[in-house]
Amino acid sequence: MGMGKRLLACMALLLLLPLHAYAVPAPADVELSDVANDEGNAVAISWDWDGSPTEADQFSVELRVNDQLLKHFELSQQEMQTLTDARNWLSGEVGTLLDQRSSAKAEMDQAQSDLDQSIIDKLPGSEVAGLRRTYWQKYRVFRRLDKQIAALQAKFAARTYKGEDLRLKALTWEFLNEAMRNGGEWISAAAMAPMASVGTKGARTDLFGVNAARRNDAGRLYFTVDSISVPNPGTAASDDSSTGLEQFASIPINLVPDIEYQLRMSTYGAAESNPMDPAAGGGPQLAEQISLGTVTPRGNAFDKSKTNNLVFALLFSMIILAFIILARRNPNMFIRRIAGLEAVDEAIGRATEMGKPVMYLTGLQSLSELSTLAAINILGRVAGKIADYESDLIVPNRDPVVQTVAQEVVKEGYATAGRPDAYREDNIFFLTDDQFSFTAATCGIMMRDKPAAIFLMGYYYAESLLLAETGAATGAIQIAGTDAEHQLPFFIVTCDYTLIGEELYAASAYLSREPMLLGSLKGQDIAKALMMAIILLQAILFIFNGEWKFFKDMVTPL
Amino acid sequence: MIFLKRQLPIIIAFVAGIMMWIRYYIPSEVSTNLEDGYLEWVRIIVGFAAILGILSLLQHHMLKIRMKRPGFAFSYVTIAAFALMMFAGFAPFNFPGFAEKNMETGSLFNWLYEFTFIPMQATMFSVLAFFIASAAFRAFRARSMEATLLLVAAIIMMVGRVPIGDLISNATPTFMMFGNEYHFIDFEEWTGWLLNVPNAAAKRGILLGVYLSQIAISIRIIFGIERTYMGGGD
Amino acid sequence: MIPVGEVIGTWIAVGLTLMMFSFIYKDNPAFKFGEHLYLGISVGYYVNIQYWSTIYPLVFQQMQQNHNYWVLIPTLLGIFILLRIIPSLSWLSRMSFALYIGGFAGYSLPLIVHSLLLPQLSQTLQPYGGGVGPVINQIIILLAVFSTLIYFFFSLEHRKTVGVISRVGIVFIMVSFGASFGYTVMARISLLIGRFQFIIDSFRGQ
Amino acid sequence: MDFVTLILNLDRKIIFGCVALLVVWPLLVPIQMPIGTTPEVRSIFSAIDALPNGSDVMIAADYDPSSKPELQPFTYSLLAHCFEKDHKVHILTLWPGGPALIQQAIEEVGAQYGKSSGTDYCFLGYKPGNAAVVGGLTNSITGTYPTDFYNRPTANMPIYQRVQRVKDCDYIVDIAAGATVEVWIAFASAPENVPMSAACTAVSAAGYYPYYQAGQLDGISGGMKGSAEYDVLLMDKYPNFKNGGARIAGNAVKGMDAQSAVHLFIVLSIILANICYFIANKRQREERRNA
């Protein structure tokens, strides 16, 4: 498949994304809408609020239980059967074990405190040893029981097919049903929160069709609801002691998509004392109950809040792809000279003169990393030159995959230079995965073989200085190149030449003149120019009018 | 065969890449499940990739012993230590005097970890302190404007971020400006500014470039232009 | 009473620490012994951790307890990676890498844009204000980001205006590297302190 | 050989000796310099402190023994702080060398506060795959870690009945020796909108200031000094912490004297070396002029 065709396929796939929005009318000052989130289960609420909210102004959102919701959580006959069977089975299996475990725990704790006491009392060694033996016996008994119970509970989960889901579903249904029966169908959807805590991330205006509330817009508040909080009805009364499954206080249940919810908002004014602390006598004072209307959360096919992301990701990608295609047609694209690259020949030449090997490190990251790829690219070139000069090349590796690729690249380099016989496969070897044993081993090789030139390309961590300083101590010419900004200072201080950050990639493009690298580098330059333009334009806008934030809004992720 | 070796991997990479990319913009259960499943698969694949390293290491040391290369005797140490660790981790029985489960506190495995691995790794790392001191002494010269800047910034950071910096700052006389009291030398203020303004800004400039590179490499991989990760050969 | 295992262990640890420290004097057999021991132990440790934390729970436990046999597919792909050491079958590992690296490229691309690129860019576009000091700082930040970007701009030779701006860029880069260097010195010294603390504590019998 | 040439050609073993001496001496004879706190660490502390009691904190301890002296004290202090506030702790590591260190810390501090695994905290252990793991956590914690470090199924644990994914946590702290902070920002904190702080080795601290500046990190603690600052803050706010066992309190504080001494030595030696370098340079120039 040619690249053009792949590009077309990509565009087609993207165009297939149907975009749709959905909103439900609500009272004038309140706006309700579904918002895109992964499960399509969130509801966005924004409303007008007089005055500026403070920490003391509380609010909560409630929703009305309806048949649709109840129906969703209702267990089918079969599910019910599965759950009951599994519970019965579990309590049958676990029942006696639980008692045994708690008595074993008590015995173990006793034995442990006896042992501790004996040590504190400095009893004779033989007695302490006896107590220690007892403790370990008790400990093993307890562990065995504990393991058995855990295994049974795991089996329970397997038997009920995602057993926990089924349990939660049953508990939720019980709760909703209870709420329906009691007539108090309004249940809490969002815990009480201070009014001042609502809002969106940062300030932005309407862009790409997304209308989020503005924080500067004093009276408009913005909030999303995505779950209902279901208190466990059995917490206090029935602590599931027959099955040993632990209990919990409340469960957040995600809103179910495609069900119509009726929402209500309660606002609470500031209480005299701490409103959140009933013990202080205050308690929140209910100020107002606003009916918000109904809304149906729907999963969107496209998350509109990610529009600017899509635009930028596509834009940058297309620029880069376009320049790669251009570079294939015309590989003579201009790239500025990179200081440090001239030194490569000098270093290799010196190694030949001294009859000593050249050492090349590809960094400590895996093959999937860009810096490693760049390092390997440069290695191919360096290998060719080394073959010309008839020196030895040593390449220790931290990653076995990198090692195999490095072998192939060097072999190719030697072959291109017309000296395939000089290639020695076991000079390119794997040392170890561990960072510091790798460093230790590499430093050992440096001290023993005293290479005349050392190339430190790719990504390095803390070992950078250890490697570079050992190399400097052996008197080798060192050329470093890394995009690990934490380590760059050390290379700058200890090495003869250093390629800083992206210069590493540029160097690999510069040396290989490969259209892919050249084009990609050019594309990145254009993207960079774009970013610089945005920075400059926004700065100019600010000078004219501090309120104009077009470019800032454009790049602020939602 | 050529299709299997060349085209198929590229097609897999393309389909997987595009799917995972588009998935990000689609809020639905399918997309979440896709992400979840993919990430779990990756975790398993990466787990196996780690074993590859061990195989290569053993291969390397076995070869060293067989060829009787210089220092081959030490390879026995490596292999013996490896075997011991494997034995401690995988042995199906309890070691007398150690905890019963092989990863628990007090097990032989943990004992080996605590008393051999930790000290050796930590020491290897701490040797850096000596090297950094000697490197600073030997190589840190105000040769050029760049080197001087690096030097001055480093010195301010070195003094300013340890307790002695506070001592020095508090010992210097103060002056009044805009109604606030300032010390003539205030390392906390200086280092804070250095880190938050020039340092953060320069790093941001570098990072923006790095992110673009990451985007570029992702795009190249997805569209099958970048194939180095697959290895050479046919 | 002090447990015997811990006492012996501590002395072994002290011995190994000194063995590794001997490297700073010169390369010697004791260090070589330590180096190779460390290699073996570390590899053994990682195998165990990889097996018990990934392969065992995600593959074997999944199949035994949850009867989830889907995990066989990534397992097979994992085994393909191992085939890399057999030259005639090494091409099979490409399937695994293609899925892993290709998929991950797609997975991380939008996240890089969303979580790293856009926030950093947007933060550079802060509105100016907050007094003389902050505005000066904001201008410095703007200048630094801009000139650093110019330094890493490869389509223009560093001459004339571009040369001047990129020179400003390198000034900021060097200051930031200096800050890193200073901080790093701190890190390394801490590690040494930790090690010496350990040796001193061991000798004091704590 | 005169002084200048002597200094410029100083054997590095002498410097090694000085450094060793300056580390050991203050450790044996502590001076106990007062430790000031920086805004970066104060903001981590106040962020954790401001969370209502019983919040869920996800701690990623991504380091291994090589950075133990720098980061292990922070882990101890952070855990103590969380347990002091009754926060629920979800702790895990992305580094293969990490589990045993975390195990030490969580078991010791947990026991000290009488917290139990599965209810008050969960030690999830290690999984390879960095971003793949973090990405998985944003969908489901129990799905990514079906079992915890001790191989117990997580789905049944009380702690995971309320919390299902990263989004349900109230705070993330990454204690990192490497580049995992970006991973946590990119794949968890930013997309899920969970506030986050980082405690990192001093090496990487400067590199994370762009994120701190942009508000993507609430605070940064750099290396052993950061840990010492955290200890100081903790001891100020919770006086009983001071008496709460020597292993936890003041482990990093102890090292600060030596830290100051060596820093001073390095700074002075750099200045000395530079002065000698200039004198030597001047001499060379004069010789050339005379010749």
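Read-outs: derived from the displayed coordinates by stated rules, not from any lab. Please read these numbers as outputs of a predicted model, since none were measured by experiment. Here Cβ is always computed from backbone atoms with ideal geometry, including for glycine, and neighbour counts include all displayed protein chains.
Any idea how far the Cα center of the range A:518-547 sits from the one of the range C:120-167, in Å? The distance from the Cα centre of the range A:518-547 to that of the range C:120-167 comes to 11 Å. Modelled this way, with points 7 Å down the Cα-to-C-beta line, the labels at A:N332 and A:M447 are 5.3 nm from one another. Coordinate range of the alpha-carbon atoms in the range D:39-249 per principal axis, descending: 38, 38, 33 Å.
Here the average projected area of the convex hull drawn through the C-alpha atoms of the range D:134-200 stands at 4.6 nm². Relative to the longest principal axis of the Cα atoms of chain B, the long axis of helix B:8-23 makes an angle of roughly 50 degrees. Centroid-to-centroid, using Cα positions, the range A:453-507 and the range A:407-438 are 20 Å apart. Plainly put, the range C:128-206 has a radius of gyration that is 1.34 times its Kirkwood radius, both from alpha-carbon atoms, as the Rg/Rh ratio.
With the biggest extent put first, the Cα atoms of the protein assembly as shown measure 107, 87, 80 Å across the principal axes.
The fraction of all Cα pairs in the range B:1-90 landing in successive 10 Å bins from 0 to the largest distance is 13, 24, 22, 17, 18, 5, 0, given as whole percents.
What number in nm² do you get for the range D:4-51 if you take the convex hull of its Cα atoms and divide its surface by four? Show your work: numbers first, answer last.
On the way: hull surface 25.5 nm².
Average projection, Cα convex hull of the range D:4-51: 6.4 nm².
Tell me the angle of helix D:251-290 to the major Cα principal axis of chain D, expressed in degrees between 0 and 90 and rounded to the nearest ten. The two axes meet at around 30 degrees.
Assuming 0.36 nm per residue, please report the length gained on full extension of the stretch A:A322 to A:Q78 beyond their Cα-Cα distance. Present the calculation step by step, with values, prior to reporting the outcome.
Numbers: separation 244, 0.36 × 244 = 87.84 nm, distance 5.76 nm.
Net length gain for the segment: 82.1 nm.
If you run the Gaussian network model on chain C, springs between alpha carbon atoms under 10 Å, then out of C:P87, C:P134, C:P110 the most flexible one is C:P87.
Treating r as the C-beta distance of A:A343 and A:A415 and R0 as 30 Å, the FRET efficiency rounds to 0.75.
Helices meeting the span-like rule in chain C (full DSSP H runs, Cα extent of at least 30 Å along the helix axis, mean Kyte-Doolittle score of 0.5 or higher): C:160-204.
A simple spin-label model places the labels of B:T148 and B:F90 6.2 nm from each other, with each point 7 Å out along Cα-to-Cβ. A Förster radius of 25 Å combined with the Cβ-Cβ distance from D:K237 to D:Q32 puts the calculated FRET efficiency at roughly 0.80.
Taken along the Cα-to-beta-carbon direction at a fixed 7 Å, the label points for A:S229 and D:D11 span 7.1 nm.
Would you mind checking the tilt of helix B:145-160 against the longest principal axis of the Cα atoms of chain B, expressed as 0 to 90 degrees and rounded to 10? Computed tilt is about 90 degrees.
Convex hull over the Cα atoms of chain B, averaged projected area in nm²?
Numbers: hull surface 104.9 nm².
Mean orientational projected area (chain B, Cα hull): 26.2 nm².
Which residues does a label at D:L272 reach in the range B:104-130, if reach means a backbone N under 17 Å from a point 7 Å past the Cα toward the Cβ? Under 17 Å, as judged by backbone N against the label point of D:L272, lie B:130 of the range B:104-130. Averaged over peptide D:178-190, the number of partner chain Cβ atoms lying within 10 Å of each residue's Cβ comes to 4.
Can you give the FRET efficiency to the nearest 0.05 for B:H183 and C:L18, using r as the Cβ-Cβ distance and R₀ = 35 Å? Can you show the working numbers first?
Values: r = 44 Å, r/R0 = 1.26.
Once the sixth-power term is evaluated, E becomes 0.20.
Once each of the chymotrypsin sites (Phe, Trp or Tyr not before Pro) sitting in a DSSP loop with at most 11 other beta-carbon atoms within 10 Å is removed, chain B keeps B:1-92 as its longest stretch.
Close amide H partners of D:T147, meaning residues 5 or more places away or on another chain with modelled amide H under 5 Å apart, are D:T154.
Which value in deg cm²/dmol, rounded to the nearest 500, describes the helix-derived mean residue ellipticity at 222 nm for the protein assembly as shown, given -39,500 (n - 2.57) per DSSP H run of n ≥ 4 and division by the residue count? List each step's numbers first, then the result.
Details: 47 runs with 723 residues, N = 1289.
My calculation for the protein assembly as shown gives -18500 deg cm²/dmol from helical runs alone.
How big is D for the range A:342-512, in µm² s⁻¹ as a whole number, if Stokes-Einstein is applied with the Kirkwood radius of its Cα pairs at 25 °C and 0.890 mPa s? Present the calculation step by step, with values, prior to reporting the outcome.
On the way: Rh = 15.4 Å.
In µm²/s, the coefficient rounds to 160.
For the range D:146-238, the Kirkwood radius over C-alpha pairs fed into Stokes-Einstein at 4 °C and 1.567 mPa s yields D = 87 µm² per second. For D:K282, no lysines have a Cα closer than 21 Å to its Cα, not counting residues fewer than 8 places off in the same chain.
Step through the table entries A:K122/C:K32; A:K122/D:K225; D:K13/D:K68; D:K85/D:K167; D:K115/D:K167; B:K203/D:K225, compare each Cα-Cα distance with 32 Å, and write down the pairs that go over it. The pairs that break the limit, which is 32 Å between Cα atoms, are A:K122/C:K32; A:K122/D:K225.
Computed over the Cα atoms of the range A:77-164, what is the ratio Rg over Rh, Rh following Kirkwood?
On the way: Rg = 19.0 Å, Rh = 15.1 Å.
On the Cα set of the range A:77-164, Rg over Rh gives 1.26.
Based on the Cα atoms of the range B:140-234, what semi-axes does the equivalent ellipsoid have, where each is the square root of 5 times one gyration tensor eigenvalue, given in whole Å with the largest first?
On the way: eigenvalues 420, 55, 27 Å².
Ellipsoid half-lengths, sorted descending, are 46, 17, 12 Å.
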